[in-house]
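Below is one structure, written out as structure tokens, with a few remarks after it.
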Amino acid sequence: MNCIYCVTFGKDQSSKFMLKRNILIAILTVFSLGFIGLQLLQYEYYAMGVRTLMLILLSFLYVVSVKNKRNFFFLFLLAYTLSDIFNFFTWDYNLKEGDFDVYYYLGNGLYILSYLFLVAKLLQSIKIREVAAKLPFHVLILFILDCFCVVIVTNTTKSELGVYPYVLEFIYNAVIMLLLTLALLNYIHKDDKKSMNFLIGSICIVFSEVIQLAYFYISETNILNVISSVFLVLAFVFFYLQSRLVYSERMQIANS
């Protein structure tokens, strides 16, 4: 009788957990659509607020629903969310001409830090020396492409930025390209669903950041901002999906 009660109680608890998780996912879906809709209508301040709430909920969903939590991924979510909160509350800050824009550096610094946490997560999961030994040509080509892309993309801002903001943008772009390169090497090496989702998320992040750069410094066409937002939402969807998976048994045996 006690065993039957325990099984029934366990099923009830599991059903309640699934219900709560599904409610959170439904709310996040509504917030995501609302975020993109507000960007489309050019209500950027309100869109930033919705995006901030969306990231807070996503972080909470990760904590309560993912069994195999990874510290670096949680730190990524935390740093990115903190940067969004910071940017939201300093949105209306009026900078006087000639003043040092500390909010610009702090906000972007937190974004860079968040991506570095993802880089650290990848370095933790792959044996970089082993990969470089097995795929030297791939690593060399990717390194050259990274350098080329970072210089080309960052140079689009050269006429708009001073020396220090330009250096910050260069570091920012270098970090996201490093993230994409490691995600690609991780997928080539492991070739499973988790690494594929991480790679797609990284691609979406790069597209989002590059298109946003074009929106800020080349053309303030609103459709660019909307497309950037869509890629950002997709990136976090794939990052969350990969966080719920583990690497395939084949790779775990190979890495053991």
**Asked** If you check Asn108, Asn155, which single one turns out to be over 18 Å from the mean Cα position of the chain (by Cα) and under 17 Å from Phe216 (Cα atoms)?
**Response** Asn155
**Fill in**
Going through (1) over 19 Å from Asn186 (Cα atoms); (2) of a type in the set (D, E, K, R); (3) modelled with pLDDT under 85; (4) surrounded by 11 or more Cβ atoms within 10 Å (Cβ to Cβ) one by one, Lys127 fails only at (1)
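Looking only at the stretch 36-50, which residues are free of Cβ contacts under 8 Å to residues at least 40 places away in the same chain and surrounded by 13 or more Cβ atoms within 10 Å (Cβ to Cβ)?
Within the stretch 36-50, the subset free of Cβ contacts under 8 Å to residues at least 40 places away in the same chain is 37-38, 41, 43, 46, 49-50.
Selection gives Gly37, Leu38, Tyr43, Tyr46, Gly49, Val50.
Every residue, every condition in (1) assigned to a helix (DSSP H, G or I); (2) in contact with a strand residue (DSSP E or B) (Cβ under 7 Å, 6 or more places away or on another chain); (3) free of Cβ contacts under 8 Å to residues at least 40 places away in the same chain; (4) exposed (fewer than 15 other Cβ atoms within 10 Å of the Cβ), yes or no:
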| position | (1), (2), (3), (4) |
| --- | --- |
| Ile23 | yes, no, yes, yes |
| Thr29 | yes, no, yes, yes |
| Gly34 | yes, no, yes, no |
| Tyr62 | yes, no, no, no |
**Complete:** Filtering the stretch 106-121 for residues that are farther than 16 Å from Ala174 by Cα, in contact (Cβ under 8 Å) with a residue 24 or more places away in the chain and not basic (Lys, Arg) leaves a count of 1
**Asked** Which condition breaks for Trp91 when tested against (1) without any contact (Cβ under 8 Å) to a residue 60 or more places away in the chain; (2) within 19 Å of the chain's Cα centre (by Cα); (3) under 25 Å from Gly109 (Cα atoms)?
**Response** (2)
**Prompt:** When you go through Ile176, Ile205, Ile188, Ile200 one by one, which is the residue that is within 20 Å of Tyr111 (Cα to Cα), surrounded by fewer than 20 Cβ atoms within 10 Å (Cβ to Cβ) and not charged (D, E, K, R)?
**Reply:** Ile200
**Prompt:** Asp12 passes all but one of (1) modelled with pLDDT of 85 or more; (2) under 28 Å from Leu241 (Cβ atoms); which number fails?
**Reply:** (1)
**Prompt:** Which residues, taken from the stretch 156-183, are part of a helix (DSSP H, G or I) and under 22 Å from Ile227 (Cβ atoms)?
**Reply:** Glu169, Tyr172, Asn173, Val175, Ile176, Met177, Leu179, Leu180, Ala183
**Message:** Please go through the stretch 212-229 and give me each residue that is in a helix (DSSP H, G or I), surrounded by fewer than 20 Cβ atoms within 10 Å (Cβ to Cβ) and without any contact (Cβ under 8 Å) to a residue 60 or more places away in the chain, ordered by number.
**Reply:** Gln212, Ala214, Tyr215, Phe216, Ile223, Leu224, Ile227
**Fill in**
Selection over the stretch 143-196 where residues are touching a residue at least 40 places away in the same chain (Cβ under 8 Å) and under 15 Å from Leu123 (Cβ atoms) yields a count of 11
**Asked** Is it true that some residue in the stretch 184-191 is over 15 Å from the mean Cα position of the chain (by Cα), more than 23 Å from Phe137 (Cβ to Cβ) and among the basic types (Lys, Arg)?
**Response** no
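The values are calculated or read from the model by the stated rules, or taken from the named source; none is laboratory data. Note that the coordinates shown come from a computational prediction; the quantities given were computed from them, not determined experimentally. With ideal geometry, Cβ positions are generated from the backbone for all residues, glycine too; neighbour counts draw on all protein chains shown.
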